[in-house]
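K.L.:
Quick one: structure below, then a few questions.
Every number here is computed from the coordinates shown, using simple stated rules; none is lab data. This is a predicted model, so every value here is computed, not measured. Here the Cβ is made from the backbone with ideal geometry for all residues, glycine too, and neighbour counts use every protein chain on show.
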Amino acid sequence: MASLSIIVITLNEEKKIARCLQSVRPIADEIIVMDSYSTDRTGEIAGEMGALFYQRSFQGYGDQKNAAMELARHDYVFFIDADEFLSETLTNSIEKEKKRGFSGDGYTMNRLNNYCGKWIRNGSWYPDQKLRIINRHKGRWNHNIVHEDLVPEEGARIYHLKGNLLHQAYSNFEDHIEKNNRYSKLSAQLLFERGKRGQGYKMVINPFWAFIKSYILMFGFLDGFYGFVIAINIAHLTFLKYTKLYQLQQRKRS
């Protein structure tokens, strides 16, 4: 049987960390919590649940996760966020792969998001596939300022696991709107740094297309009221992103 290290990146997660760590216990041979100097009980709770607790100044999510991966004792690592936990099916899938000795270099899984108490099973939010288990010699996190990715080496064997990674996305509308504003700024900056430029028409067409894709083409309407709210917010995020990208261009020219 192969061994598996669990890695969690935290900052003031005392309300969520216990459920996360409890869910990974059946598959964990080691749990590493890399913390950015929390001021709440995150470290205390992690210690009570048997996790190895480290603290490090935050220099970006990708950088923090790569640093935590260097501390892992085992070749295979599983990255999970404090607001995520495992479904029973996903737990069983990972246990089976451990018993086989991990035949792949990395593993993807579907993430199922909870929005204001409802599990969202359609639209742009599902299956929301994520690469979260990797042989640490076969991949690294990139350093994107937003939406960082775990990037496998060329030729790495990536397999998909059954079951859902359960994610408590937003408990209220206000949190979603606030995150849209924050992420749109970072996304616009990332696009600008990559040489992307925003034209006026993208502020109209791209948000409209984002709504149509999520709500109609990807059956977001099947999630009822919240499916509509999510699609509207996806369009709103897209509008803000291209508006802020346009503003960056104008400032650069002036």
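K.L.:
I need the calculated FRET efficiency for the pair Asn114 and Gln199, taking r as the beta carbon distance and R₀ as 41 Å, to the nearest 0.05.
P.N.:
The pair Asn114/Gln199 has a calculated efficiency of 0.65.
K.L.:
Still on this model: Straight-line reach from Lys98: which aspartates and glutamates have a Cα under 13 Å away, not including same-chain ones fewer than 8 places off?
P.N.:
Within the straight-line cut-off, Lys98 pairs with Asp29, Asp75.
K.L.:
Per DSSP H run of at least 4 residues, take -39500 (n - 2.57); add these up for the chain, divide by its residues and hand me the 222 nm value, nearest 500 deg cm²/dmol.
P.N.:
-13000 deg cm²/dmol, from helical runs alone.
K.L.:
Take Val146, Val33 and order them by how many other Cβ atoms sit within 10 Å, fewest up front.
P.N.:
Val146, Val33
K.L.:
Sticking with this one: Compute the Rg to Rh ratio over the stretch 27-95 from the alpha carbon atoms, using the Kirkwood formula for Rh, and round to two decimal places.
P.N.:
0.96
K.L.:
A further question follows. I'd like the Karplus ³J(HN,Hα) series for the stretch 105-111: coefficients 6.51, -1.76, 1.60, θ = phi - 60°, whole numbers in Hz, and an x wherever there's a Gly or Pro.
P.N.:
8, x, 9, 9, 8, 7, 9
K.L.:
Further, regarding this structure: Set the Förster distance to 25 Å, then compute FRET efficiency between Glu88 and Glu48 from the Cβ-Cβ distance, nearest 0.05.
P.N.:
Between Glu88 and Glu48 the formula returns 0.55.
K.L.:
Another one. Once Rh is set to the Kirkwood radius over Cα pairs, what Stokes-Einstein translational diffusion coefficient, in µm²/s, holds for the stretch 4-170 at a temperature of 10 °C and a viscosity of 1.306 mPa s?
P.N.:
My calculation gives 99 µm²/s for D.
K.L.:
Continuing with the same structure: List the residues whose amide H sits under 5 Å from the amide H of Phe78, counting only those 5 or more places along or on another chain, with H placed 1.01 Å from N in the peptide plane.
P.N.:
Ser5, Ile6, Ile7
K.L.:
Below 8 Å, C-alpha to C-alpha, sequence gap of six or more: please give me the relative contact order for the stretch 139-196 in percent.
P.N.:
Relative contact order here is 35 percent.
K.L.:
I need the shape label for the stretch 48-142. Rule: rounded when a/c is under 1.5, else prolate if a/b > b/c, else oblate, with a, b, c from the alpha carbon gyration tensor.
P.N.:
Because a/c hits 1.5 or more and a/b fails to exceed b/c, the stretch 48-142 counts as oblate.
K.L.:
Then there's this: Could you list Glu95, Glu154 in order of exposure, starting from the residue whose Cβ has the fewest other Cβ atoms within 10 Å?
P.N.:
By the 10 Å Cβ count, ascending: Glu154, Glu95.
K.L.:
With the cut-off at 20 Å, tell me which of the pairs Lys202/Lys241; Lys185/Lys213; Lys196/Lys244; Lys130/Lys162; Lys65/Lys196 have Cα atoms farther apart than that.
P.N.:
As for pairs spanning more than 20 Å Cα to Cα, those are Lys185/Lys213; Lys65/Lys196.
K.L.:
Would you mind checking which residues have amide H under 5 Å from Gly104's amide H? H placed 1.01 Å from N; only 5 or more apart, or other chain.
P.N.:
none
K.L.:
Would you list the membrane-span-like helices of the chain, meaning whole DSSP H runs whose alpha-carbon atoms span at least 24 Å along their axis and whose mean Kyte-Doolittle value is at least -1.0?
P.N.:
173-193, 224-253
K.L.:
Then there is this: Taking only C-alpha pairs under 8 Å that are 6+ residues apart, what is the relative contact order of the stretch 4-170 in percent?
P.N.:
Rounded, it is 26 percent for the stretch 4-170.
K.L.:
Using the Karplus curve 6.51 cos²θ - 1.76 cosθ + 1.60 with θ = phi - 60°, work out ³J(HN,Hα) for each residue of the stretch 5-14 in order, rounded to whole Hz, and write x for Gly and Pro.
P.N.:
3J(HN,Hα) across the stretch 5-14, in whole Hz: 9, 9, 10, 10, 9, 9, 7, 6, 10, 4.
K.L.:
Then there is this: Among the DSSP beta bridges whose two residues both lie in the chain, what percent are antiparallel, rounded to the nearest 5?
P.N.:
Beta bridges within the chain, antiparallel portion: roughly 45 percent.
K.L.:
I would also like to ask the following. Which of the peptides 235-248, 52-65 is most tightly packed, and how do the rest follow, going by the mean number of other Cβ atoms within 10 Å of each residue?
P.N.:
Final packing ranking: 235-248, 52-65.
K.L.:
Hey, can you grab everything whose amide H is under 5 Å from the amide H of Gly139? Only 5+ residues off in sequence or another chain; H modelled, so Pro and N-termini drop out.
P.N.:
Close amide H contacts, sequence-distant or interchain: Glu153.
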